[in-house]
1. Check C:Asn27, C:Asn45, C:Asn40 and return the single one that is closer than 15 Å to A:Gln58 by Cα and crowded, with 22+ Cβ neighbours inside 10 Å.
2. Just name the residue that is nearest to B:Leu267 (Cα to Cα) out of those in the stretch B:199-230 that are free of Cβ contacts under 8 Å to residues at least 40 places away in the same chain and assigned to a helix (DSSP H, G or I).
3. Pick out the one residue from C:Ala62, C:Ala28, C:Ala73, C:Ala41 that is closer than 24 Å to A:Met160 by Cα, at pLDDT 85 or above and not β-branched (Val, Ile, Thr).
4. Output the number of residues of the stretch C:1-42 satisfying the condition of being in contact with a Gly (Cβ under 9 Å, 6 or more places away or on another chain), at the interface with chain A (Cβ under 8 Å from one of its Cβ atoms) and free of Cβ contacts under 8 Å to residues at least 40 places away in the same chain.
5. Would you call A:Ala20 touching a Leu at 6+ places or on another chain (Cβ under 9 Å) and either over 17 Å from C:Tyr20 (Cα atoms) or part of a helix (DSSP H, G or I) (or both)?
6. For B:Thr62, indicate whether it is among the β-branched types (Val, Ile, Thr), part of a strand (DSSP E or B) and modelled with pLDDT under 85.
Amino acid sequence: MSYGNLFLYLFMLSAFVSVAAMLFTRTIFFAALSLIVCLLSISGIFALLNAEFLAITQIVIYAGGVLVLILFGIMLTNKISGKPLLMEAHHSIPGMIISIVLFLLLVDAYQKTSFTATESIQLQSNHINHIGTNLMSTYVAPFEVAGLLLLVSLIGAALMASLTKKNNNA
Amino acid sequence: MTETISSSFSLWLAFCVLGIPLLSALICFIISDKVAWLAPLFSSLLIMTSTIIAIILFFQITKTGTFSYSWPWISISQKTIHAGILLDSKIMIMVLVVNLVSLVVHLFSISYMAEDNALVRYFGMLGFFTFAMIGLVMSSNLLVLFCFWELVGFSSYRLIGHWHEKPEAVNAATKAFIINRVGDLGFLIGLMILWSYSSNLDITELTPNYIPSGWLTAAGACIFIGVISKSAQFPLFNWLPDAMEGPTPVSALIHAATMVAAGVYVLIRIENLFTTEVFVVISIVGVITAIAGAMGALFQYDIKKILAYSTISQLGYMVMAVGSGAAEGGYLHLLHHAFFKAGLFLAAGAIIHAMYQSYHHHEVKIDVQDIRNLGGLRKKLPITFLSFIICGAALAGIPFTSGFVSKELILTQMAQWSGIAFSWKWFILIGAWMVSFVTPIYIFRMIWFLFLKDAKHQLEIIEVPLIMRIPMLVLSLCSLALFVTFAPFHISSMINFLLATFPAMNLSITILSTLMVVISLISAYFIYSKNDLHHAREFLFPHFYLDWIYDQTLIIANVWAEFVHKIDRKVIDKLIHGITYFQVTVAHLVGWTDRFLVDGLVNGVAYSAKGIGTITRSLANGKIQSYLLWTLAGLLIFILWVLS
Amino acid sequence: MPEHNLLFFLGAFLFSSGLYIVFTKKNAIMILLGIELMLNAANLNLVIFNQLTTGYDGQFFALFVIVVAVCEAAVGLALIFRIYHYFHTSVPDQFSDLKEIN
């Protein structure tokens, strides 16, 4: 238990540090890399919170899929513009004020809410088994809808990207 | 047991009456353009069915008494809004009238719109309008009523802009829509006030008991704003004459008989919510509208515009009646007005149709709606002439017609309301009498120009087909007093039905109003029979009176002038010099103040407005991120405000 | 459990940082990253809540959030490409067509 706690704190620290790096870096590539680190540490936190399946999904989809996609995107746009992608910031002061206010608001909400912890699924062991069964029985409708959504967005994204090329050629 | 059976029978019938027009609209929307000729047939048959069912329901309701049925619609934390149907004999008459007018308009449209290329859309919207109007009349909850109120406005918008290739029609439709939105805002605010104080919008359960009187007045005034825009009352009536760009049968159904009367209907339904102050406002607005509409009708030359102004005037009359304690008279007038005004509009439509046909053959370009171009139609369109005369007589309030009965009821009730002692109520009463004096004049003017005067043109005009004649005849039959009561001078048989307590007949009012109509008609005859146009103005200021007054004034003035001249020399000149010096001094003073104080203030206001404008404009700079930022900032401020 | 409190702080921090990135960074891809960050913050909270209750509802919700996030990222990137080819920039300030419609 104490090891688990130690790892939890470690992951939280790394998530925090990587997000802070994201806030202050000016290179977009570095920002994307630190987002990967952040997402990986979040997946670690998931694993420690009895959500192993979610942790694996997070690694496979985010770190393996989305972020690679984004990196490709950065490099592609980079190549066309021909200079390294630096980003500038604007609205820093109002943005900061609003973000801090929102942070304080959220923390305040957490403080005010009393969470009554029920000792429940920590005792069970085969979470993944359970999730698999439920996914095919109780949650089958959202599951199918999610599949449909993926298909639609896949076709849509492919269509949009290909249309661009055609227009360029013509 | 029998009671439940009969009540479920009523429920089914009510749903049929409500659903069949909707079904007609749906059929029209799914029907293919190739078989568009089926649409008029189907929808007319369906509306006929629904009318027959409405008649059955009417007798059922008169037998069983008030019927209501409701089910929960929206529940928000223990507060429930019920959607429901409320039917009593008073409401059922309105349902019947809507159905009947809709039916005759459908029949009339079959021929009138035969050459239109958007038949399906037209009949679909007619059916939809009928559905929405019946829903409005039947619903027992103000929120549901508001929904139907919006639907009615929407179908009116679609139908005004039916010929959307004409820019005037599109503009008129947009105008009607936007002006109605203003009123709807008022209506909605009124509903919100009522809801926040009583948590209940059922018309029958809504009582003014729990609501502070200030807020009740505000709610009543807000709802009345909705009525002002829907029923084309004084500040917001200018959309109705423009709405005449729509097809004429639509004007008959929506902008004369039913939709514009919906405002008056709502006023009568929630009459118990209004405070005295609101009633004062209602009666004043009503009387101003009635007079303004009548004056407008007197000077227009377009057939449909005259009828539109006349509608405004009559609606004002009803609103005034509701505001001055003659709600029952107003309601009766609403029903009668639905028949005779729809009849007038259909007759006007028949004239336009016939003229258009004949012009079409002779390839002459004249404005067929201008009454100056028409005339001598009495021989050529006898049936139209007959129905126009009957409906016009009803509008003018000539005895033995329905209009006479309701007008007299209104005047009787208003006389009771205003009392014998002189007060501001007398002005309202005088206004009412004025309107009933002017109304026969303008309707006579129309008949004179259209039918009696010799025609300027030599065209062959053929009477309209049978399918157009029958609706006109039905409506003129309904405008006869025989149809509504068996004793034209004794308003009892039908009204007993509507009224619990019937006001005592006042013989003097009967005689006076009859006399008034006669005088008005005679004067109208002398004005218009001599020559044509500008005599209308001369009637208002008869020139012989004015000349006489001018002469007398001049004689007296000459004597006075001698006298005044002497005084002028000796006294006034000196006085004037003194005053002039004083004025110059003051003028300098004022000029200085103006330049430094007032101009400075004005410029300062302008500069600050410009500055604020620059600041607000910089927020809308087209950058999506700053939009997002300020949106969230607003949201956060709202959340913080709610939390604190 | 004391660490829950800390985890909530982390979630709030991730969310506000994502929002800050969305507001301030002048690059469309960066905005997309910020949105991903916010979605992950929400996911983190869902998993914590799942820990505090019986059943697996929170985890399932997080799972579907991930799916939607994937779709959003794919479509968003495709949009950015298209905008990039049209305006030759991925800085949202420079495609302020919203302003031109007057």
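1. Details: C:Asn27 fails: closer than 15 Å to A:Gln58 by Cα; C:Asn45 fails: crowded, with 22+ Cβ neighbours inside 10 Å.
Criteria check complete, one pass: C:Asn40.
2. B:Cys222
3. Details: C:Ala62 fails: closer than 24 Å to A:Met160 by Cα; C:Ala28 fails: at pLDDT 85 or above; C:Ala41 fails: closer than 24 Å to A:Met160 by Cα.
On inspection, the qualifying residue turns out to be C:Ala73.
4. 11
5. no
6. No; evaluated as a whole, the condition is false for this residue.
To keep it simple, each residue is scored yes or no on (1) modelled with pLDDT under 85; (2) buried (at least 19 other Cβ atoms within 10 Å of the Cβ).
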position	(1), (2)
B:Lys175	yes, no
B:Leu191	no, yes
B:Leu201	yes, yes
B:Thr207	yes, no
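Per-residue answers, yes or no, for (1) part of a helix (DSSP H, G or I); (2) touching a residue at least 60 places away in the same chain (Cβ under 8 Å); (3) not small (Gly, Ala, Ser):
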| residue | (1), (2), (3) |
| --- | --- |
| B:Thr130 | yes, yes, yes |
| B:Val137 | yes, yes, yes |
| B:Phe148 | yes, no, yes |
| B:Leu151 | yes, no, yes |
| B:His162 | no, yes, yes |
| B:Asn171 | yes, yes, yes |
| B:Thr174 | yes, no, yes |
| B:Val182 | yes, no, yes |
| B:Tyr197 | yes, no, yes |
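The values are calculated or read from the model by the stated rules, or taken from the named source; none is laboratory data. For clarity, every value in this text was computed on a predicted model and none was experimentally measured. Positions of Cβ are backbone-derived with ideal geometry, glycine not excepted, and every protein chain shown enters the neighbour counts.
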